[in-house]
1. Can you find a residue in the stretch B:83-103 that is within 11 Å of residue B:57 (Cα to Cα) and touching a residue at least 24 places away in the same chain (Cβ under 8 Å)?
2. Could you say whether any residue in the stretch B:58-78 is of a type in the set (A, V, I, L, M, F, W, C), surrounded by fewer than 18 Cβ atoms within 10 Å (Cβ to Cβ) and within 30 Å of residue B:325 (Cβ to Cβ)?
3. Does residue B:83 satisfy being farther than 28 Å from residue B:168 by Cβ and either in the same structural domain as residue B:299 (by TED's automatic domain parsing) or not β-branched (Val, Ile, Thr) (or both)?
4. Given (1) farther than 15 Å from residue B:132 by Cβ; (2) in contact (Cβ under 8 Å) with a residue 24 or more places away in the chain, identify the lone condition not met by residue B:57.
5. Is there any pair with a first residue in the stretch B:32-54 that is more than 17 Å from residue B:64 (Cβ to Cβ) and a second that is at pLDDT 95 or above and surrounded by fewer than 19 Cβ atoms within 10 Å (Cβ to Cβ) whose Cβ atoms are under 7 Å apart and which are 6 or more apart or on different chains, and what are they?
6. Please give the number of the condition residue B:440 fails out of (1) assigned to a helix (DSSP H, G or I); (2) crowded, with 21+ Cβ neighbours inside 10 Å; (3) at pLDDT 95 or above.
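The values are calculated or read from the model by the stated rules, or taken from the named source; none is laboratory data. Every value quoted in this text rests on a predicted model; they were computed, and no experiment measured them. Positions of Cβ are generated from backbone atoms using ideal geometry, with glycine treated the same way; all protein chains shown enter the neighbour counts.
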Amino acid sequence: MKQYRIACLVVLFLLVFSVDSSYAYIDPGSGSIIMTALLGIIAAAGYTIRMYVHKIKMFFGKKPDGESDHQPGANDE
Amino acid sequence: MNICGELEADTGSFRDRNNRVYYAERKVLRGVSEAALKNWSKISGQQFFKKMMENGDLIPTKLLPATDRNALTILKEGWAGVLQHQKIPFISYPYEWTFGMLKDSALLHLDILERSLKSGWILKDATAYNVQWIGTKPTFIDIISFEPYKEGNPWGGYRQFCMMFLIPLLLKAYRDVDYIPLLRSDLEGIDPVQAVKIFPKSSLFRKAVFLHIFLHAKLQMAFSDDKASKQTEPRKAIRHSKAMVLGTIQGLHRIVQRLDLQNKETIWRNYADCHSYDEDSYGQKQAFVRKHLQSTRWKLVWDIGCNTGTFSQICSEFSDYVISIDGDQYAIEALYQKQKQKAKGNILPLIMDLSNLSPNQGWLGQERKDLESRGQPELLLCLALIHHMVISANIPMRDYLGWIRQMNAAVIIEFVGPGDEMTKVLLKNKVNQYTDYTKENFEQIARERFLMVDSCPLKGGDREVYFLKPKS
């Protein structure tokens with residue numbers, strides 16, 4: 001599956017940029033940590049884009065539609 | 001687990017070694033470690049945290065002085081400090097909650113997480129057991145779960161959030177699979193590897209299913225060889241920026257926010273007016289219940305077999321707290337959604353099969369408690385339930401009344417006679433082995449155990465409602 005292959009490439013890329021682990025009493029699971037990194041990259045990209053769009057709109061004095069605390073990222077349905 | 005005199009350690013609070021919950025003199029106390037106390041000292045002064053506590057999103061909590069009698073006993077157990085929480089009126093578990101309740105508790109968890117992260121804090125876990133209810137208002141109870149967010153770290157609770165909140169909600173919303181038996185049998189929740197087997201391939205087009213179940217399961221399986229290879233060194237973790245964590249949480253919030261029950265409108269229409277009474281008889285029944293309710297102020301009432309909670313609402317006027325229980329998830333959902341609109345409700349709706357009540361379970365059978373251990377009612381309301389118990393569930397009438405007597409509470413009970421149309425419906429496809437299901441037999445068994453204070457025939461004598469008090 002194409003999407004899965006892309007995800008695997010992203011995961012390999014992520015593995016290069018790593019820091020030491022430090023977790024709580026629950027085991028977050030190795031696969032789940034990679035999953036959060038994957039989700040995080042997608043979401044952070046969306047979040048950053050939204051932030052700039054928001055700032056640009058504010059610069060021109062326009063109040064964005066449906067303004068809320070939850071600025072949509074890229075990984076919503 | 002009795003520690004010293006009146007002090008009792010909670011049997012379900014042991015997983016996080018940084019704290020332990022104790023009960024003393026009807027107070028809820030928490031012994032905390034040095035590290036947890038340090039976190040409390042920092043976070044309790046922060047504005048975002050105070051605000052969440054003020055609006056009830058967090059259970060009101062204070063640090064007890066070391067001179068407090070109960071604190072002294074707990075400190076002797078080796079804890080560095082003692083917190084006191086406001087008492088939850090009645091503990092409940094995710095496998096007793098409706099879809100709407102699980103969804104609202106998931107949203108509360110994500111809201112708290114997001115607000116905390118913006119202020120430099122994170123929740124170390126994401127178990128649904130950290131949310132409890134005051135009426136229909138969810139509140140987060142695990143104050144020790146807050147810890148400073150370290151830049152670069154992932155959200156360690158993601159997998160637990162998926163297993164305890166997201167996967168059960170996705171199963172119900174997209175496949176109409178009931179999560180209650182699954183959450184009740186596995187207290188850790190539903191593993192993505194198991195969930196992926198339930199969803200058909202066509203569900204993979206739904207982004208939430210693809211990412212949080214399918215891909216999550218694949219990655220989990222791909223890295224499960226850590227255990228097989230006996231690798232003991234922690235794997236290098238991936239650096240997560242705060243924006244990545246925040247973005248993930250916000251994405252999950254939007255997914256959960258949009259989830260809903262299938263065929264919701266049809267369900268609500270079916271529950272709009274679902275009793276078999278004419279107006280006169282229904283009025284008589286309500287008047288009888290009201291008459292006996294108003295005789296005193298009840299601390300705790302259980303309305304078992306409550307349906308959509310018409311009588312629970314009458315009870316709520318004369319009681320401090322009402323537990324409304326029914327096996328019909330949609331009836332309880334209807335009650336929850338109705339009660340949620342109220343600013344300060346005192347009704348807790350719960351789903352439970354009344355012939356298979358929540359048991360003691362978990363570690364040593366003490367981690368999650370059975371229904372009776374969580375608070376004894378002063379009044380038990382059992383209206384139009386007995387025919388379901390005796391005929392549908394095949395519970396002998398003597399055993400059913402015996403169980404009710406064990407509560408040692410006043411009882412308002414309705415007997416639905418063998419000639420009633422609803423009893424006939426239940427008997428339609430069954431061999432009638434219930435020849436002892438008669439009003440005379442019911443009254444005889446009831447009189448052996450209770451004082452029959454009052455009664456009132458309903459529906460032309462096909463039914464009768466009784467007010468009983470336990471014999472001493």
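1. Let us first name the residues in the stretch B:83-103 that are within 11 Å of residue B:57 (Cα to Cα), namely none.
No, the stretch B:83-103 contains no residue that is within 11 Å of residue B:57 (Cα to Cα) and touching a residue at least 24 places away in the same chain (Cβ under 8 Å).
2. Of all residues in the stretch B:58-78, those of a type in the set (A, V, I, L, M, F, W, C) come to B:58-59, B:63-64, B:66, B:71-72, B:74-75.
Then drop every residue that is not surrounded by fewer than 18 Cβ atoms within 10 Å (Cβ to Cβ), which leaves B:63, B:66, B:72, B:75.
Imposing the further condition that a residue be within 30 Å of residue B:325 (Cβ to Cβ) reduces the set to none.
Within the stretch B:58-78, none of the residues are of a type in the set (A, V, I, L, M, F, W, C), surrounded by fewer than 18 Cβ atoms within 10 Å (Cβ to Cβ) and within 30 Å of residue B:325 (Cβ to Cβ).
3. Details: farther than 28 Å from residue B:168 by Cβ: yes; either in the same structural domain as residue B:299 (by TED's automatic domain parsing) or not β-branched (Val, Ile, Thr) (or both): yes.
Yes: the conditions hold for residue B:83.
4. Among (1) farther than 15 Å from residue B:132 by Cβ; (2) in contact (Cβ under 8 Å) with a residue 24 or more places away in the chain, residue B:57 violates only (1).
5. These pairs meet every condition: B:46/B:119; B:48/B:115; B:48/B:119; B:52/B:115.
6. Evaluating residue B:440 over (1) assigned to a helix (DSSP H, G or I); (2) crowded, with 21+ Cβ neighbours inside 10 Å; (3) at pLDDT 95 or above leaves (2) as the failure.
Table: residues versus (1) crowded, with 17+ Cβ neighbours inside 10 Å; (2) of a type in the set (Val, Ile, Thr); (3) within 30 Å of residue B:169 (Cα to Cα).
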{"residue": "B:370", "(1), (2), (3)": "no, no, yes"}
{"residue": "B:385", "(1), (2), (3)": "yes, no, yes"}
{"residue": "B:398", "(1), (2), (3)": "no, no, no"}
{"residue": "B:420", "(1), (2), (3)": "yes, no, no"}
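Okay, residues lined up against (1) in contact (Cβ under 8 Å) with a residue 12 or more places away in the chain; (2) closer than 27 Å to residue B:117 by Cβ; (3) touching a His at 6+ places or on another chain (Cβ under 9 Å); (4) not polar (S, T, N, Q):
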| site | (1), (2), (3), (4) |
| --- | --- |
| B:157 | yes, yes, yes, yes |
| B:190 | yes, yes, no, yes |
| B:194 | no, no, no, no |
| B:202 | no, no, no, no |
| B:206 | yes, yes, no, yes |
| B:214 | yes, yes, no, yes |
